[in-house]
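K.L.:
Quick one: this structure, given as structure tokens, is what I'll be asking you about.
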Amino acid sequence: MSTEAQEGVKQKAYAEAMRYMENAKETLRKARKEDDRYQDVKYVRTACGTAYNGVLIALDAYLLLKGVEQKKGRKSIAYYTANFSKFDKKLLSDINDAYTILHLSGYYDGIHDARIVNDGFELAYQIISKIKPLSGSSPLDAAPPHRPAQPVFSGALFIPSLMLWVAGFLRLAANAFAAVKSQHAGVGSSHVG
């Protein structure tokens, strides 16, 4: 692909991804933030889903620019991790964090913590910036107003992963406890008589 064609791909994908991010920010404002917590989970879910889709647009463009054959239809996170593990480990880490924060915690779980959502948006902007075209600038290039000047909580990116791990562990423990309890109930009832 020629340099000119690559710039065309970048311009188109970057503009579209940033349009998604603008829509996501607009939707997130409707979630009403109080004390670093969003009050309306419906808008958080919609905003995080929209931001994550903006990330996917950028990732697809990045892979196209690297010469990866485009897969038709819906792609899983496994598709992206398998391909990005060949190119950029740092970006792969950002992709996994964006997936965890925006897609799982934000879109599916409707997380209320504004600091974590903002970290997810920050990651989205970092990923999208990987396909920023060299020529031309856009008013969308300015830092979005929701981003703090300094990180609010420097360790916030690992929290959603930790929360998911803890939730899975608790679910596993609860299932094990229920199984043991039912076995004891079954043993006790067979001796009564």
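None of the figures in this text is laboratory data; all of them are computed from the coordinates on show. What you see is a predicted model; the values in this text were computed from it and never measured. Note: ideal-geometry Cβ built from the backbone for every residue, glycine included; neighbour counts use all protein chains shown.
K.L.:
Two decimals is fine: what's Rg over Rh for region 3-153, C-alpha atoms, Kirkwood radius as Rh?
P.N.:
0.97
K.L.:
How about Lys25: which lysines have a C-alpha closer than 30 Å to its C-alpha, ignoring those fewer than 8 places off in the same chain?
P.N.:
List returned: Lys10, Lys12, Lys33, Lys42, Lys66, Lys71, Lys72, Lys75, Lys89, Lys90, Lys130, Lys132.
K.L.:
Using the per-residue mean of other Cβ atoms lying within 10 Å as a proxy for protection, in what order, highest first, do the peptides 96-109, 25-38 fall?
P.N.:
The most tightly packed comes first, giving 96-109, 25-38.
K.L.:
Evaluate the charge dipole of region 3-153 about its Cα centre and quote only its size in Debye, nearest 20, assuming +1 on the Cβ of each Lys and Arg and -1 on the Cβ of each Asp and Glu. Present the calculation step by step, with values, prior to reporting the outcome.
P.N.:
Numbers: 23 positive and 19 negative charges, 70 e Å.
Result for region 3-153 is approximately 340 debye, rounded to the nearest 20.
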